[in-house]
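Heads up: the structure comes next, in structure tokens.
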Amino acid sequence: MAKPDESPFDLATPGASALLESLRGVGYAPWTAIADLVDNSVAAGAKRLWISFVWRGASSCIRILDDGSGMDRATLVEAMRPGSRSPREARSPHDLGRFGLGLKTASFSQCRVLTIASRTVGGELVERHWDLDHVRHSDAWQLLKGIPRDVTDEAAIPDDLESGTVVLWTHLDRMVGTSSENDQAARARFFEIARQVERHLAMTHHRFLSGSHPQLRIYFNGLSEQARISPWDPFMQWHPATIATPLERIPYKGTVVEVQGFVLPHRDRLSDSEYDTGAGPEGWLAHEGFFVLRGGRVLVYGGWLALGGGRRWGRDELHRLARIRIDLPNSLDDEWKIDIRKSMATPPALLRPRLRGLAERVRADARDVLAHRGGRSSRAPSESLVRAWICHASQDGASYRIDRSHPSVLRGLDAAGAAAPMVEDMLRIIEATVPVQRIWLDATEHGEFSSPKAMEEPDAPLAASLQSLFRHMTEDLHLAEAEAIRRLLAIEPFSNYPSAVRALGSEHKPK
Ligand SMILES: Nc1ncnc2c1ncn2[C@@H]1O[C@H](COP(=O)(O)OP(=O)(O)OP(=O)(O)O)[C@@H](O)[C@H]1O
Ligand SMILES: [Mg+2]
């Protein structure tokens with residue numbers, strides 16, 4: 001009879017093939033996967049990175065070469081091991097990694113063969129590859145030495161690099177499958193993915209790519225300066241019409257979390273190309289809300305982090321100009337529940353009220369800028385704008401009233417004399433029936449909140465109202481023309497037509 005097993009444990013070694021195939025389902029997009037590799041290069045001190053998408057039908061490949069510190073044999077073998085480092089281990093502040101998994105999970109999400117060649121300064125070239133088909137047949141953790149025969153050129157590290165690493169993806173079953181080289185539709189899809197990768201990296205690593213001496217230069221499908229990826233600043237800090245809240249530095253568990261809110265300029269303040277660029281890789285709506293950066297790298301790029309008043313805030317047209325930056329150090333990964341793909345973060349309970357407070361302010365400002373075409377926000381200098389409508393926000397929702405002190409309204413009421421109560425009835429009917437839902441639907445459908453974009457000239461009836469009010473001011477109220485013009489420039493809707501208002505003095509000399 002066999003002796004009973006006296007060992008206090010059973011060895012539950014994962015099945016190599018089953019585990020590696022399952023890791024493929026972590027849910028990376030091609031661009032998030034490549035961003036993970038860029039993180040590794042940055043952590044290895046790379047200053048330059050060359051990313052190439054090479055189309056060859058089913059034999060296409062994606063190659064990422066960096067000039068970082070490279071790896072020796074032992075480090076490379078360790079790097080290829082899933083779970084190479086524990087997430088509990090403290091990391092240097094500049095290390096963008098956490099789980100010891102990214103290289104493998106990101107790569108296998110896109111390809112079946114992952115090859116790495118690397119060289120340290122003065123070290124020898126080392127090469128290894130994982131081949132998921134080999135692992136499937138052997139069902140063993142066999143990391144293959146050398147490189148596959150068909151990639152000798154791509155896996156080479158140029159001689160002029162002192163040190164560096166090439167990561168090579170081949171057998172891109174999910175991206176190109178078995179497409180033939182002449183399949184134009186597949187080729188177009190492949191290069192569309194490449195473009196999306198480029199846009200994505202411009203966002204995720206924008207801080208590394210910015211400045212006249214950027215920390216990192218990424219060359220995309222080319223070697224020239226034209227092939228260099230330009231950073232995309234989600235907060236449009238360079239634009240004079242961007243409104244920023246003061247930078248807040250919140251001490252948290254021995255570290256500091258930085259937060260700052262931004263309200264981006266209204267469309268009317270942007271050129272067409274600025275507006276298109278401002279939209280970002282996924283569009284205005286997708287990018288409204290919080291941007292969470294960890295170690296300077298963007299992890300979360302939009303959304304409201306499950307914050308909100310009674311209900312969680314969703315993304316909506318009304319707040320699409322609001323973007324809030326949160327900067328985290330990598331020591332808070334656990335607190336913020338950073339996920340393996342580095343694409344999610346959850347604020348800890350202690351910080352939620354503070355973030356919600358800031359978000360409420362930024363959201364209100366964003367609504368204001370959107371509704372008043374920019375520059376008319378409560379924070380803008382033109383504070384004294386006289387509006388025709390006043391919005392009252394209460395717990396039961398918003399209500400809208402016509403401002404009786406608006407000069408045109410006031411004048412009408414004064415002139416009505418005994419009929420004033422009837423005019424008042426009329427105003428109340430208008431106020432009680434503002435078609436809010438209808439306006440809301442129209443505005444969302446057309447993606448814009450205001451009337452026509454270019455408002456150089458008022459239409460004829462409005463021009464007549466403007467002239468009539470100007471005459472009233474100068475003739476009945478005896479204001480100097482310059483003073484009347486100054487006031488009209490700050491009265492809605494005439495404030496939208498400054499050139500027509502300024503032209504008044506010359507056209508309408510009192511006869
Ligand atoms: N381009 C590179 N240059 C030098 N070393 C690298 C490079 N890419 C990966 N490595 C090494 O491989 C290790 C494993 O990388 P991997 O991405 O799997 O995990 P990680 O970066 O430590 O953590 P995470 O799972 O959060 O990305 C890294 O810690 C690093 O030592
Ligand atoms: Mg990594």
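Remark: for residue pairs LYS47/LYS342; LYS47/LYS145; LYS253/LYS342, the C-alpha separation exceeds 26 Å in LYS47/LYS145. Which angle from 0 to 90°, rounded to the nearest 10, does the C-alpha axis of helix 460-471 make with the longest principal axis of the chain? Here the helix axis deviates by roughly 60 degrees. In the stretch 299-374, one over the average inverse separation of all distinct C-alpha pairs is 13.6 Å, which is the Kirkwood hydrodynamic radius.
Hey, got the dipole for the stretch 322-364? About the Cα centre, +1 on K and R Cβ, -1 on D and E Cβ, debye to the nearest 20?
Values: 10 positive and 6 negative charges, 65 e Å.
That gives the stretch 322-364 a dipole magnitude of about 320 debye.
Residues ASP414, ASP333, arranged from fewest to most other Cβ atoms within 10 angstrom of their Cβ, appear as ASP414, ASP333. Derived scalar couplings between HN and Hα for the stretch 168-184 equal 10, 9, 10, 6, 7, 4, 7, 8, 10, x, 9, 4, 7, 4, 8, 6, 5 Hz in order, rounded to whole Hz, by the Karplus curve 6.51 cos²θ - 1.76 cosθ + 1.60 (θ = phi - 60°), x for Gly and Pro. Residue exposure proxy: GLU258, GLU198, ordered by other Cβ atoms within 10 angstrom of their Cβ from fewest to most, comes out as GLU258, GLU198. Could you let me know the centre-to-centre spacing of the stretch 125-188 and the stretch 194-243, using Cα atoms, in angstrom? With the stretch 125-188 and the stretch 194-243 each reduced to a Cα centre, they are spaced 27 Å. Compactness of the chain is given as radius of gyration and Dmax, 30.6, 124 Å, from Cα positions. To the nearest ten degrees, helix 352-371 and the longest principal axis of the Cα atoms of the chain are 50 degrees apart. Can you compute the modelled spin-label distance between THR152 and GLN237, with each label point 7 Å from Cα toward Cβ, in nm? Inter-label distance under the simple model: 4.9 nm.
Once you reduce the stretch 61-86 and the stretch 1-53 to the center of their Cα atoms, the two points are 12 Å from each other. Taken one residue at a time, the phi angles of the stretch 299-308 give Karplus couplings (6.51, -1.76, 1.60, θ = phi - 60°) of 9, 10, 10, x, x, 10, 6, 6, 8, x Hz. Gly and Pro are set to x. Around the Cα centre of the chain, unit charges on the Cβ atoms of Lys, Arg, Asp and Glu (plus for the first two, minus for the last two) sum to a dipole of about 760 debye. Based on alpha-carbon atoms, the Kirkwood radius and the radius of gyration of the stretch 72-120 give Rg/Rh equal to 0.98. Taking one equal scatterer on every alpha-carbon of the stretch 1-114, how large is log10 of I(q)/I(0) by Debye at q = 0.13, 0.14, 0.21 1/Å? These q points yield log10 I(q)/I(0) values of -0.61, -0.68, -1.35. The stretch between GLN142 and ALA188 holds 13.0 nm of extra length on full extension. This uses 0.36 nm per residue minus the Cα-Cα distance. Simple rule: put +1 on each Lys or Arg Cβ and -1 on each Asp or Glu Cβ in the chain, find the dipole, and look at THR120, ALA418, PRO30; the Cα lying farthest toward the positive end is ALA418.
If R₀ is 60 angstrom, what is the calculated FRET efficiency for the pair ALA419 and SER210, using the beta carbon separation as r and rounding to 0.05? E between ALA419 and SER210, to the nearest 0.05, is 0.40.
Hey, what D do you get for the stretch 150-256 in µm²/s if you plug the Kirkwood alpha-carbon radius into Stokes-Einstein at 37 °C and 0.692 mPa s? Please list the in-between numbers first.
Working: Rh = 17.9 Å.
My calculation gives 183 µm²/s for D.
Dividing the helix sum by the residues of the chain, where each DSSP H run of 4 or more adds -39500 (n - 2.57), gives a mean residue ellipticity at 222 nm of -9000 deg cm²/dmol.
Under the simplified labelling scheme, the CYS391-VAL436 pair shows an inter-label distance of 1.0 nm, with each label point 7 Å from Cα along Cα→Cβ.
Here the spin labels are modelled as points 7 Å beyond Cα on the Cα-Cβ line, and at ALA12 and ARG486 they lie 8.0 nm apart. The slack between ARG404 and ASP316, meaning 0.36 nm per residue of separation minus the straight C-alpha distance, is 28.5 nm.
Since every read-out is calculated from the coordinates, none of them should be taken as a lab result. This structure is a prediction, so every number in the text was calculated from the model and none was measured. Counting neighbours? That spans all protein chains shown, and the Cβs are built from the backbone with ideal geometry, glycine included.
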